[in-house]
Structure formats: C-alpha cells, structure tokens
Amino acid sequence: MFDRKSLQNLIKEKLTDYKFIVVSNRQPYTFEYAGRKINCIKTIGGLVTALDPVMQTAGGTWIAYSSGDADADVLDKDNSVKIPYENPQYTQKLIFLTKEEENGYYYGYANQGLWPLCHIAYRQPVFSISDWEHYKNANKKFAESVVDAIGLEKPFVWLQDYHLTLCAGFIKEKKPDAVVSLFWHIPWPNPEVFRVCPQKNEILEGLLSNDLLGFHIKYHCHNFLETCELELEAKVDWEESAVTYKGHKTLIRDFPISIDFDKLSEMSSGEDVSRKVNELPTQIDPPYEVLALSIDRIDYTKGILEKIKAVDRFLEKYPEYQKRFVFFQKGALSRLHIKAYKHLIDEIQSLAEEINWKYRSGYWYPIVLLNTKIDYITHLALYRACDLCIVGSLHDGMNLVAKEFIAANTDNKGMLLLSQFTGAARELKNAVLINPFDADGFADAIKEAIEMPKEIKSERIIRMRENVKENNIFRWAGKFIKELIRI
Ligand code: F6P
C-alpha cells in the first residue's frame, strides 16, 4: 500500500533537487487574535484536509492569500511563517489583497462567476468585467510570489483550483523552465455550459500553460478535452489525453482526491472520541432513537434544502419514525458577502422551522441546525454516533465528508447516503446512492439505510473502508508527483 512513508521516499528519491511549491487561494493555517493572544487555526475545507498531510510529509512552501487578522504579526520579512505552529513542517508564505481586490477576485469572479458556471446547481453565473480585472491582478500577485519563492532553484509548482486559472501563464513568462501543474477541485462543465463564459479563451489559455492538469474523475477530463476542441485552435489527443496549444503540451489526467485515512481512523478510535461518543446522546437535543448527520459548508451546491425536504417527505411517508428520528445538520458559514449565500442561510432556517413546527410533539422535533464551530473530537464522535451520514450535494467534484465519515466509522456501523452527483459516488459504490432532486426516492433511501440488516451495513462499510484506506491522500499525491516527474 502507498502510504505516508512511500510518499516521503518518493520525494527523497526524485525531488531533492527541486523546490516544492503549492499555491492555493485559501491558507492552510490562519493566525487570529483572541483578545491579545494569537491563535493558529487550521482551515476547514476539502483542500486543506487533503493537502496539509501531503505538505507535512513533503515540506516546501505553500503560498496563499492572507485572511487572518493576526497573520501580518507572525510573518518574517519574506511574508513567511513555519507551520503548523506547534510542530513546524513546512513554510506558509502569504500575499495580501486589498478589500476591493478580494471582493472582485474571490467574492466576484471566482465565486459568482466560475463557481456557479462549473456546478450544475441552477444558479446563474455573473461575469463582471471589473471582477475579471481583479481576478487577473490577483493571479499576477500569486504568480509574483511564486517567482520570488523559486529564486534560483528548480521549481515544482502545484497550483490549486479555479481561483488560479491564469497563474501558470504568468509564472512561465518569468520562469519558462518551471514545471507547473494545477489540480481542479470542482467539476469541469460540459462545453455547452462553459461557452457562456465571456473570458473562456483567456481561461483555457491560462490553464493550458500548465504542464499537467488534474481533475477528480475521467468525465471532467473528457469535458475539458471537448471544451478545448470546440473553443480553441488546439490539437486534442484523446489517445494520450493531452492538449497541444501554441506548441505547448498539457497532459490531462484524473486523480480522485482523498484523505489521510490512517490518521483519521486512529484518532477516531482513540479514548477522547470514544468518551464523546458515549456522551453525545445526552448532549444532543431533542432525544432520538435514530440520528442522521450531515456536515457541510453552507453552500447551495451541497443540497441542504433538498435534504430537509427529503426528511419532511420521509416523516410524512413513514410516520412510525416520528418522535424517533432526528436530522442533525452541522453547517459552516461560508462566502457570506455573497447575496446567494446569505439568502440560503435564511431559507434553510425558515424551512427547518416550518418542518419542526409541522411535526413537533412534546420535547421532540426532527431538525437540528448548528452553524457554530465544533471541536474536532466532537466532529469525529458525531460520525461514530450517527446511524446515517447524508451527503446530498447537487453536484460536487469529490466531497471529502463522505470519505471522512468512512474513515471515522471505526465501529463499522451506520450507513452512508451519498448523492450520485458527487465524485465520491464513483468510488464508494457500497453507499446507498440517492438523487437529491427526488424527494420521494430520497425518503425511501433514508428508510432503506436505517432498516438495512446490521451485518450487511457492516460488510458494506468494511468494503468502503478498504477502498479509502488503499486510495488514500498519499497515493493521490504520489500519482500526481510521478506524472510530473515524467514531464
Ligand atoms: O471545493 C472547492 C473549494 O474551493 C475547496 O477547495 C475548498 O476547500 C472549499 O471550496 C472552501 O471554499 P472557500 O475557500 O471559498 O471557503
């Protein structure tokens, strides 16, 4: 099995002469004031969950933009700080954006333009020319920081996600020999959808400045190849899965992202989490016999409203579960300066209140919403304590919550209800697959998962655990790095 040690060996053998640089919008650790004290906080989210263990193994530099109010006070003259603070393993180098730049680049072009464009969640993308200008400038700033970090060394640059589509082009202008790659963490849409983007050519050209471009699944690779065929005078080689544009070849490959299975599983079976698992039933209100859990960033792509509607349908269709079933939705607030996100929070709140009013009986009601932070021990304990973990994304590149639940489920109990529109559904075939748009089918799937015989649940969970253990985050990083070494 390819594990942390194997990745360390691969890096020692093949990358010692290279400087390893990861670049993402979101920083892995923020520094924040709590009174006069500075706390170092690990960022929540798929990207950091996946890449932090890789960086802790590989070392090198992670460049991102500063969003912590105390960041500036811990940085050295190169805007760098060693992280994790308690046990430093790699360097975090930060760039600074003005409020106006952050608004145009992150809240504007990236999250109101590209995000809805790439997800089939039926939100119209908004493309504003001033947001585009800020997006370009922010990409230039990231690229300058990369060039500065490279110095005279041979670099291996690994860009992350839809915020940085133009970065490779800017880096190559200054460092034509740099090996530059990008991993796309969200879906790539089909060409019909992508063609509405007014800046489509610049974005494709920017992406094709990379030497390697990674997507979670083959389907997104195919969508990308088709898009290039349709939009650019590019040579698309389907056999090799590569695009040659203006004499430069970019390899297009699928790399399904994952998690540090062993670490998560070990933590989850530890004493602190086990104690918490026993305490939870007395701490969660209202009391329950069957606990369904969801943990999401609050985003319209995650299908939170659809889950609440399915719970309504489930209790209507199967009234024997009233007064026994509780759906616990933990949501992390996100992208709050965007109207659609603020509006979504209100909608979720009001729908949950309506459903709770409809079914409330004595001390019992069916839906609990929690938007405040919980500690990691409780997070893992919830995975172990629940009878169902529901991942209901309308569309998702991968969805690492599904894999986290499987890794944390050390008792081999409970069941995963997984949207068929997530990347994870291609690997976790032993989950109960759902269509979140179909409230009736969703309600039946909840019943099916609850009533599935214990031994079958356990068998299916064990199979999924084997899969995630084997296809862990170190294997993902190793595959990506091996492909880059070939270049
Ligand atoms: O899933 C896409 C993604 O950008 C992840 O890479 C990241 O973990 C998540 O969305 C969080 O988004 P944001 O950084 O905007 O809070």
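The values are calculated or read from the model by the stated rules, or taken from the named source; none is laboratory data. What you are looking at is a predicted structure, and each value in this text was computed from that prediction instead of being measured. Ideal geometry is used to build each Cβ from the backbone, glycine not excepted, and the neighbour counts take in all protein chains shown. Accessible surface areas use protein heavy atoms only, side chains included; no ligands, DNA or RNA. Shrake-Rupley method; radii C 1.70, N 1.55, O 1.52, S 1.80 Å.
When only alpha carbons are used to place a centre, the stretch 370-415 and the stretch 122-187 end up 32 Å from one another.
Within the chain, what's the longest stretch lacking GluC sites (Glu not before Pro) that sit in DSSP loops with no more than 13 other Cβ atoms inside 10 Å? Provide the component values of the computation, followed by the final result.
Working: sites that count: Glu86, Glu153, Glu233, Glu239, Glu240, Glu289.
The segment 290-487 is the longest one with no such site.
Once you charge only the Cβ atoms, +1 for Lys and Arg and -1 for Asp and Glu, what is the size of the charge dipole of the stretch 261-469 about its Cα centre, to the nearest 20 debye? Display every interim value, and only then the final one.
Working: 30 positive and 31 negative charges, 54 e Å.
Dipole size: approximately 260 debye.
Annotation note: trypsin sites (Lys or Arg not before Pro) in the stretch 1-91 located in DSSP loop regions with a Cβ neighbour count of at most 13 within 10 Å are Arg36, Lys77.
Report the Cα centroid-to-centroid distance between the stretch 1-78 and the stretch 287-340 in angstrom, as an integer. One Cα centre to the other: 32 Å.
Given a 1.4 Å probe and the protein chains as shown, Ile41 ends up with an accessible area of around 60 Å². When the square roots of the Cα gyration tensor eigenvalues are ordered a ≥ b ≥ c, the ratio a/c for the stretch 169-323 is 1.5 or more and a/b exceeds b/c, which makes its shape prolate.
The three principal axes of the C-alpha atoms in the stretch 381-487 carry coordinate ranges of 50, 31, 22 Å, sorted with the longest axis first.
If you filter the stretch 407-487 for trypsin sites (Lys or Arg not before Pro), then keep DSSP loop positions with at most 12 other Cβ within 10 Å, what is left? Numbers along the way, then the final one.
Working: sites: Lys413, Arg426, Lys429, Lys447, Lys454, Lys457, Arg460, Arg463, Arg465, Lys469, Arg475, Lys479, Lys482, Arg486; in loops: Lys413, Lys429.
Here the sparse-neighbourhood loop sites are Lys429.
Loop-located chymotrypsin sites (Phe, Trp or Tyr not before Pro) in the stretch 304-394 (DSSP state other than H, G, I, E, B) with a sparse environment of at most 11 neighbouring Cβ atoms within 10 Å: Tyr363.
How far is helix 439-451 tilted off the main Cα axis of the chain, in degrees rounded to 10, range 0 to 90? Between the helix axis and the principal axis of the chain, the angle is about 70 degrees.
Show that you can apply the helix-only estimate: for the chain, add -39,500 (n - 2.57) for every DSSP H stretch of four or more residues, divide by all residues, and state [θ] at 222 nm to the nearest 500. If you can, show how the numbers build up before the last one.
Details: 19 runs with 211 residues, N = 487.
Result for the chain: -13000 deg cm²/dmol, rounded to the nearest 500.
Sorted by accessible area with a 1.4 angstrom probe, largest first, how do Asp387, Asp177, Asp285 fall?
Working: Asp387 45, Asp177 140, Asp285 80 Å².
Order by accessible area, largest first: Asp177, Asp285, Asp387.
Where the alpha-carbon atoms of the chain are placed on the principal axes, they occupy 68, 48, 46 Å, in descending order.
Past 23 Å, Cα to Cα, is the threshold; run Lys276/Lys403; Lys413/Lys469; Lys403/Lys429; Lys302/Lys403; Lys14/Lys263; Lys140/Lys479 against it and keep the listed order.
Numbers: Lys276/Lys403 21 Å; Lys413/Lys469 17 Å; Lys403/Lys429 12 Å; Lys302/Lys403 15 Å; Lys14/Lys263 25 Å; Lys140/Lys479 29 Å.
Pairs exceeding 23 Å: Lys14/Lys263; Lys140/Lys479.
Of the listed residues Phe224, Phe96, the order by accessible area with a 1.4 Å probe, largest first, is Phe96, Phe224. Normalised by residue count, the stretch 135-201 yields a Cα convex hull volume of 92 Å³ per residue.
Once a ≥ b ≥ c are taken as the square roots of the eigenvalues of the Cα gyration tensor of the stretch 269-357, is the result rounded (a/c under 1.5), prolate (a/b larger than b/c) or oblate (a/b not larger than b/c)? Oblate, since a/c reaches 1.5 and b/c is not below a/b.
For the set His220, His379, solvent exposure ranked by accessible area (probe 1.4 Å, protein chains only) runs largest to smallest as His379, His220. Once the dipole of the stretch 261-469 is set up with Lys and Arg at +1 and Asp and Glu at -1 on Cβ about the Cα centre, which of Asn435, His395, His337 lies farthest towards its positive end? So the residue furthest toward the plus end is His337.
For the stretch 261-469, what class follows from the C-alpha gyration tensor (a ≥ b ≥ c being the square roots of its eigenvalues): rounded when a/c is under 1.5, otherwise prolate if a/b is larger than b/c, else oblate? Before the final figure, lay out each step's value.
Numbers: a/c = 1.29, a/b = 1.22, b/c = 1.06.
Note, shape of the stretch 261-469 comes out rounded.
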